[in-house]
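S.K.: Here it is, the structure in full.
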Amino acid sequence: MKSNKFVVIVLLPIFVLTGIFLIAPLFYGLGVSLFDYNPVRMRNPFIGLENYRQLLSDAVFKKAVRNTLVFVTVTVALNIVFTLFISTILVDLPWRGWKNFFRTIFFIPCIAPLVTSAVVWNRGILITQDGLMNALLKFLRLPPVNWLGDQKIVMASIILFTLWADFGYNTVLFCSGLEGIPRDFLEAAEMDGANALYKFMKIRLPLLGRTFVFVVMMTIISYFQMMVQFMILVAKGGVNYSGTTLAYYVYKTGFIDKNMGYASAVATILFILIFVMSMIQRRLNRVDWEY
């Protein structure tokens, strides 16, 4: 009985803080979405589900949903494949000093503020005139590309930047997960003549299940909410809203247009998308094993 009281006393502050700073804002945002709310007005009438009905006919919102799904799907897939490949190579390096060196190098972009990195890419790498990417194309005798002004490739440019800025984090996580796999399994497979691909597909990848599920879910949630690079790399959502995502649309509608009610409705849809995608991912990658 005394131990139960101690547990309640210890956990009570956590539950209170969670309720105040996590659960309450969710319900507050849902409530605001039912009003024609503008923070600079004195009167904000209740309009029910009108904001949600307006979303059905909002072409920009539909474009933002499509851009968000494309960005998240492509970037998460490339991130997971690339970081898993790099991590597998790193953990097999014979000298631990090389492992730590490359982990540090790969993690450096994660340390830099995303705003600063985006400005550097915007002004020095992806800029049409005298940018590093176009300088490389010129060296290869290829025509220059308008990386951030062409609506056909602006999303590809943002995906490239995001992969560069974020792949070091998942690389470190995958390295930790791979190093936690007992060497006995790999040594036994080597004695049976298994090659590197077989060891990865039949031993490492299945035993990496819990780390894999965690990394995928956290990456999906993070990428759904990304906004900084879209604000800096593409001005005002890009040509024909080619760089507009749901997170940026929430910011623009709420803080620039001062239409907080409509922005809250968009944010609610974004929350539902993240929740559904996370539950589907968790269901597909359910892991039940021990080693």
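S.K.: If the Cβ limit is 7 Å and pairs must be 6+ apart or interchain, which residue in region 22-47 that is more than 20 Å from Phe271 (Cβ to Cβ) pairs with which residue that is among the basic types (Lys, Arg) and outside any helix (DSSP H, G or I)?
M.R.: Close Cβ pairs satisfying both conditions: Asn38/Lys258; Pro39/Lys258; Val40/Lys258.
S.K.: Restricting the first residue to region 272-283 and requiring it to be among the hydrophobic types (A, V, I, L, M, F, W, C), which pairs with a second residue that is part of a helix (DSSP H, G or I) meet a Cβ separation below 6 Å and a spacing of at least six or different chains?
M.R.: Ile274/Ile221; Ile274/Phe224; Met277/Ile220
S.K.: Which one is modelled with the highest pLDDT, of the residues in region 183-207 that are outside any helix (DSSP H, G or I) and either surrounded by 13 or more Cβ atoms within 10 Å (Cβ to Cβ) or not acidic (Asp, Glu) (or both)?
M.R.: Asn195
S.K.: I've got another one for you. Enumerate the helices (runs of 4 or more DSSP H) found wholly within region 212-291, keeping only those where 3 or more residues are at pLDDT below 90 and closer than 27 Å to Phe161 by Cβ.
M.R.: Counting at least 3 such residues, we get 260-284.
S.K.: Could you list, in sequence order, all residues of region 1-41 that are part of a helix (DSSP H, G or I), more than 28 Å from the chain's Cα centre (by Cα) and either of a type in the set (Ser, Thr, Tyr) or closer than 16 Å to Asn51 by Cβ (or both)?
M.R.: Hit for region 1-41 is Ser3, nothing else.
Table: residues versus (1) closer than 20 Å to Phe255 by Cα; (2) of a type in the set (Gly, Ala, Ser); (3) surrounded by fewer than 10 Cβ atoms within 10 Å (Cβ to Cβ).
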{"residue": "Lys5", "(1), (2), (3)": "no, no, yes"}
{"residue": "Val10", "(1), (2), (3)": "no, no, yes"}
{"residue": "Pro13", "(1), (2), (3)": "no, no, yes"}
{"residue": "Val16", "(1), (2), (3)": "no, no, no"}
{"residue": "Pro25", "(1), (2), (3)": "yes, no, no"}
{"residue": "Gly29", "(1), (2), (3)": "yes, yes, no"}
{"residue": "Phe35", "(1), (2), (3)": "yes, no, no"}
{"residue": "Met42", "(1), (2), (3)": "yes, no, yes"}
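S.K.: Are any of the residues in region 238-252 in contact with a Pro (Cβ under 9 Å, 6 or more places away or on another chain) and surrounded by fewer than 16 Cβ atoms within 10 Å (Cβ to Cβ)?
M.R.: Within region 238-252 (the criterion being in contact with a Pro (Cβ under 9 Å, 6 or more places away or on another chain) and surrounded by fewer than 16 Cβ atoms within 10 Å (Cβ to Cβ)), the answer is no, since none of the residues qualifies.
S.K.: List every residue pair whose Cβ atoms sit under 6 Å apart, with the two residues 6 or more apart in sequence or on different chains, where the first one lies in region 94-112 and is free of Cβ contacts under 8 Å to residues at least 24 places away in the same chain and the second, anywhere, is hydrophobic (A, V, I, L, M, F, W, C).
M.R.: Phe102/Leu90
The values are calculated or read from the model by the stated rules, or taken from the named source; none is laboratory data. Since we're looking at a predicted model, the values are computed, not measured. Neighbour counts run over all protein chains shown; Cβ positions are idealised from the backbone, glycine included.
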